[in-house]
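For reference, the structure is listed below as structure tokens.
The values are calculated or read from the model by the stated rules, or taken from the named source; none is laboratory data. Quick caveat: nothing in here was measured; it's all calculated off a predicted structure. Glycine gets a Cβ as well: all are built from the backbone with ideal geometry, and neighbour counts include every protein chain shown.
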Amino acid sequence: MTLYLIRRLFQALLVMLAMSLIVFIGVYGIGDPVEILISPDADQAERARAVAALGLDLPLWQQYGVFLVRALQGDLGRSFVYNVPALQLILQRMPATLELAVGATVLAIVVGLPLGLYAGLKPDSIGGRSIMAGSILGFSLPSFWVGLMLIMVFAVQLGWLPSTGRGTTVEILGSRWSFLTRDGLAHMIMPAMNLALFKISLVIRLTRAGVREAMLMDYVKFARAKGLTNSRVIFVHVFKNILIPVVTVTGLEFGSTIAFSVVTESIFAWPGMGKLIIDSINVLDRPVIVAYLMMIVFMFIIINLVVDLTYTILDPRVRLESKAI
Amino acid sequence: MKNMKTAALAAVSVVCMSGVAQAQREAGHMIMAVGAPVTSIDPHYHQLSPNNAVSDAIFDKLVNTDAQARQIPGLAVSWTAVAPTVWEFKLRPNVTFQNGNAFTAEDVVFTIERLPNVPNSPSSYAAYARPILRMEIVDPLTIRFHTREPYPLLPLDMTNVRILDKETSEGASTDDFNSLKVAFGTGPYRPTAYRNGDRIEFARNPTYWGPAPAFDRVTYRMITNDASRLASLLSGDVDSIDQVPTTDVARLRADPRVTLAEIVGLRLVFLGLDQLRTANESSPFITDNDGKPLGRNPLQDVRVRRALSIAIDRKAIVDRIMEGAATPAGQFLPPGTYSHVPDVTAPAYDPDGAKRLLAEAGYPNGFRIQLNGPNDRYINDSRIIQAIGQMWTRIGIRTAVEAQTWATFVGRAGRAEYSAFLIGWGSNPDGSHPLRNIMATVDRERGRGASNRGHYSNPQVDSLLDQALGELDEGKREQIEINAQRIVAQDVGIIPLHIQTNIWATRQGYIHEPRADELTRPQDVRPAPAR
């Protein structure tokens with residue numbers, strides 16, 4: 001077990017290193033941040049000063065070397081734009097994204113699982129068919145369009161929900177959270193729903209497929225023959241067996257929601273990390289891009305680890321590769 | 001299991017309790033939304049319009065500018081050149097900073113000295129301190145700037161420098177401003193909260209020396225998505241927005257819930273043309289009709305440049321693409337601005353004349369060219385170059401169009417890698433500004449032509465610019481700048497297209513005074529007068 005964890009962490013470090021190198025070269029290839037950040041009427045001397053101030057006058061390999069040395073000391077550099085340590089900037093924005101991602105994932109499970117179960121148990125009923133038809137919409141509608149429609153209908157036309165932003169926040173341990181106030185929750189509903197739509201559909205489809213397959217299995221017939229109640233058969237025996245793919249996908253989806261909820265955050269002016277990364281890419285704020293992507297890589301590795309560990313709980317047949325427990 | 005239930009109950013009750021404090025907008029609280037994010041509260045950290053707009057609420061300059069960008073007294077009540085190299089500024093008496101400290105000449109000296117010393121600045125204000133050799137405090141309310149050479153632009157430079165309180169800000173870092181520890185100015189609003197990328201909260205400065213601020217509280221939100229910003233206005237969540245998308249302008253004009261505020265801006269959108277390659281060299285994206293290098297650069301011929309210019313139907317671009325939110329232009333500055341050239345108008349659309357000029361220049365069958373431009377920088381930028389591509393093709397110049405993201409485009413344009421490209425320029429209201437940066441011959445040493453990406457060069461223009469930059473008489477200087485700009489227009493050094501209109505929208509009950517310089521400032525929003 002320990003060996004397994006160590007190996008996983010070592011993998012994480014390697015991938016993060018590779019990631020930082022790719023981003024360095026990539027950003028260098030796209031263009032010069034100073035050209036974008038500098039005031040247009042700056043003369044050549046001022047441009048040279050800005051290039052030197054941001055450390056961009058060194059050859060690329062030296063810039064990368066400086067970055068690596070500092071990174072080993074825990075310093076991922078300061079944002080070119082905000083002059084704030086990149087990691088601090090990202091962590092400031094994290095709570096906003098995190099609460100949205102958790103909200104969306106909870107919605108996906110709470111709504112998706114029961115609907116999928118129903119559709120799986122009664123595939124030919126009208127309800128089951130309409131659930132499946134609805135899930136196709138959830139898959140195929142582009143999220144920027146759905147987001148704008150939500151705003152147009154619920155904020156502009158009906159006036160039930162606030163259109164954009166985070167609303168009132170409460171400060172806990174130095175971070176600001178929206179989900180603890182009614183105003184904040186009201187602000188969260190639409191963006192969380194917008195993010196969840198795709199996930200709900202995904203969970204519905206996975207659950208339905210799993211249920212339909214499991215219902216034909218011998219162990220279900222046997223349980224029935226044993227005289228177990230229908231609900232015990234479904235919620236204990238069937239459920240446990242269909243959860244593995246659902247957990248895998250939900251975990252990965254949770255990761256990508258945190259990392260790439262760019263569209264939803266832009267449309268709802270939600271000041272999270274997704275908005276930060278897209279703004280940073282637009283102005284080639286390299287320290288932020290590098291720090292962000294390294295963090296995301298790390299996060300995905302952790303999520304995968306958690307997913308693997310969950311497997312062992314859900315299905316005793318699954319063993320982690322390493323026998324060195 | 002029991003524990004979880006208790007926790008859930010606790011969470012629910014927290015939600016209900018805090019829900020009582022749900023934000024109901026109190027009277028005197030105005031919310032505005034801007035499209036471009038502010039990067040710092042430090043007024044000398046990053047020269048960027050959104051930052052300048054916010055700084056204008058908190059701080060003052062010696063010389064302020066009105067909505068038409070004309071100079072008006074700010075923290076200085078008057079200024080004169082008492083000798084060719086000495087400017088004297090009389091300071092406004094009885095002004096206090098938001099922390100109660102008095103404003104004196106010491107604060108001005110401190111501010112100017114800080115400009116070149118802001119660490120890690122990606123675009124500093126140091127250029128405004130450079131012409132100043134030394135500063136002399138005559139008395140607490142009189143300051144003299146001694147310059148190296150006669151320098152007529154000093155008052156204009158001072159419209160960009162926000163004055164800090166020496167006592168509070170000495171040794172302060174950009175972080176200290178962002179945490180609002182030292183963010184005390186003399187302006188109408190005082191910042192009370194700054195959340196990076198999200199919002200800034202302001203409160204009224206009760207001791208402001210100028211007209212009383214209209215609101216007790218202002219929330220300044222950043223909503224970068226155009227559609228969302230507009231939706232926030234329509235749903236009543238915000239009271240005023242800037243950068244109204246041109247596609248919605250027509251509809252909004254008819255909407256009784258919304259008032260639009262419009263003004264002709266100072267940003268010219270134009271085409272730069274490769275004049276770096278000599279007449280006998282090939283330009284990178286120009287070939288003959290078979291796709292082979294031409295072996296010469298047609299853009300060095302003024303007839304070709306003029307043909308390209310009059311082949312463009314500027315009115316059609318303004319009407320169809322810009323939805324009327326622009327004015328066709330033939331020069332950098334709009335009418336009514338200092339050093340606008342009265343006899344230079346937007347070139348008239350004349351495709352037949354363009355064909356004749358091409359034939360005269362030796363290209364009766366035209367050539368091929370690629371027109372480049374950004375797709376995320378100026379209003380409708382990529383659609384404009386598509387339209388121009390079609391117009392040029394109509395006169396026999398087969399045009400390919402390529403739009404790229406600004407981050408990629410601007411670097412390549414700066415390295416003169418394009419033959420023809422669309423770009424824009426937001427001028428200070430003084431002809432010397434675009435002349436020096438865009439039309440002057442590129443000269444690293446003297447800081448000339450830093451944005452002259454087409455490498456236009458005319459010694460006559462350069463020498464007129466030199467004259468203007470040393471001429472303290474405003475009338476004479478204006479005439480010199482007009483002459484220089486007229487030559488640029490005759491040379492077709494660039495192809496001017498249009499000057500953008502700046503548009504703000506407010507909800508019923510509010511008005512926004514539109515500014516030519518594009519700044520969206522809290523003090524420009526006021527309650528609408530009762531009808």
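Here are a few things to note about the model shown:
- Tally of residues being assigned to a strand (DSSP E or B) and buried (at least 20 other Cβ atoms within 10 Å of the Cβ) across segment B:195-223: 8
- Scanning segment B:225-266 for residues that are at the interface with chain A (Cβ under 9 Å from one of its Cβ atoms), polar (S, T, N, Q) and in a loop (DSSP other than H, G, I, E, B) returns B:ASN225, B:SER235.
- Some residue of segment B:385-394 being at pLDDT below 95 and aromatic (Phe, Trp, Tyr): no
- One residue stands out in segment B:411-431 among those that are surrounded by fewer than 24 Cβ atoms within 10 Å (Cβ to Cβ) and hydrophobic (A, V, I, L, M, F, W, C): the one that is nearest to the other protein chains (Cβ to nearest Cβ), namely B:TRP425.
- Top-ranked residue in segment B:1-35 [being at pLDDT 50 or above and facing chain A (nearest Cβ under 10 Å); ranked as surrounded by the fewest Cβ atoms within 10 Å (Cβ to Cβ)]: B:GLN24
- Residue check for A:SER135: in the same structural domain as A:MET299 (by TED's automatic domain parsing), more than 20 Å from the chain's Cα centre (by Cα), more than 30 Å from B:LEU233 (Cα to Cα) and polar (S, T, N, Q): yes
- Within segment B:94-142, tally of residues that are surrounded by fewer than 18 Cβ atoms within 10 Å (Cβ to Cβ), among the aliphatic types (A, V, I, L, M) and without any contact (Cβ under 8 Å) to a residue 12 or more places away in the chain: 1
- Within segment A:204-233, residues that are in the same structural domain as A:THR105 (by TED's automatic domain parsing) have Cβ atoms under 7 Å from residues that are surrounded by fewer than 19 Cβ atoms within 10 Å (Cβ to Cβ) and among the charged types (D, E, K, R) in these pairs: A:VAL233/A:ARG224, counting only partners at least 6 apart in sequence or on another chain.
- Neighbours by Cβ (under 7 Å, 6+ apart or cross-chain): first from segment B:380-408, within 14 Å of another protein chain (Cβ to nearest Cβ); second part of a helix (DSSP H, G or I): B:TRP406/A:ILE36; B:ALA407/A:ILE30; B:ALA407/A:ILE36; B:ALA407/A:ASN282; B:THR408/A:ILE30
- Contact map, segment B:187-200: residues that are in contact (Cβ under 8 Å) with a residue 60 or more places away in the chain and in the same structural domain as B:ASP237 (by the TED database) paired with residues that are in a loop (DSSP other than H, G, I, E, B) and among the polar types (S, T, N, Q), Cβ distance under 7 Å, separation 6+ or inter-chain. Pairs shown: B:GLY187/B:ASN205; B:PRO188/B:ASN205; B:TYR189/B:ASN205; B:ARG190/B:GLN98; B:ARG190/B:ASN205.
- Check on B:ASN52, within 14 Å of chain A (Cβ to nearest Cβ) and at pLDDT 80 or above: yes
- Residue check: A:MET193 meets all listed conditions (1) away from chain B (no Cβ under 11 Å); (2) surrounded by fewer than 16 Cβ atoms within 10 Å (Cβ to Cβ) but one, namely (2).
- Unique match (being at pLDDT below 95, polar (S, T, N, Q) and within 17 Å of B:ILE312 (Cβ to Cβ)) among B:ASN380, B:ASN428, B:ASN375: B:ASN380
- Test: residue in segment A:99-108 that is of a type in the set (Ser, Thr, Tyr) and crowded, with 19+ Cβ neighbours inside 10 Å: yes
- Residue in segment B:156-179 that is within 23 Å of B:THR65 (Cα to Cα), surrounded by fewer than 21 Cβ atoms within 10 Å (Cβ to Cβ) and basic (Lys, Arg) present: no
- Residues that are of a type in the set (Gly, Ala, Ser) and free of Cβ contacts under 8 Å to residues at least 12 places away in the same chain, drawn from segment A:143-189: A:GLY159, A:GLY174
- Of all the numbered requirements in (1) at positive phi; (2) within 14 Å of another protein chain (Cβ to nearest Cβ); (3) within 30 Å of the chain's Cα centre (by Cα), A:VAL102 misses one, and that requirement is (1).
- Checking each residue in segment A:24-58 for being buried (at least 18 other Cβ atoms within 10 Å of the Cβ) and away from chain B (no Cβ under 14 Å) picks out only A:PHE24.
- Selection within segment B:146-175 - of a type outside the set (A, V, I, L, M, F, W, C) and free of Cβ contacts under 8 Å to residues at least 40 places away in the same chain: B:ASP157, B:GLY171, B:ASP175
- Scanning segment A:74-93 for residues that are among the small types (Gly, Ala, Ser) and surrounded by fewer than 24 Cβ atoms within 10 Å (Cβ to Cβ) yields A:GLY74, A:GLY77.
- Some residue of segment A:195-206 being in a loop (DSSP other than H, G, I, E, B) and either of a type in the set (Phe, Trp, Tyr) or within 20 Å of A:MET94 (Cβ to Cβ) (or both): no
- The residue of segment A:236-288 that is surrounded by the fewest Cβ atoms within 10 Å (Cβ to Cβ), among those that are among the small types (Gly, Ala, Ser) and assigned to a helix (DSSP H, G or I), is A:SER256.
- Residue within segment B:200-208 that is among the aliphatic types (A, V, I, L, M), at pLDDT 95 or above, out of contact with any helix residue (DSSP H, G or I) (no Cβ under 7 Å at 6 or more places or on another chain) and under 30 Å from B:LEU91 (Cβ atoms) present: yes
Okay, residues lined up against (1) buried (at least 18 other Cβ atoms within 10 Å of the Cβ); (2) on the phi < 0 side of the Ramachandran plot; (3) at pLDDT 95 or above:
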position: B:ILE58; (1), (2), (3): yes, yes, yes
position: B:ALA76; (1), (2), (3): yes, yes, yes
position: B:ALA83; (1), (2), (3): no, yes, no
position: B:GLU88; (1), (2), (3): no, yes, yes
position: B:ARG92; (1), (2), (3): yes, yes, yes
position: B:ARG144; (1), (2), (3): no, yes, yes
position: B:ARG148; (1), (2), (3): no, yes, no
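- Single residue of segment A:203-235 satisfying the filter (loosely packed, with under 15 Cβ neighbours inside 10 Å and among the polar types (S, T, N, Q)) that is farthest from the chain's Cα centre (by Cα): A:THR229
- Residue check, B:ARG453 among the basic types (Lys, Arg), in a helix (DSSP H, G or I) and over 30 Å from B:ILE200 (Cα atoms): no
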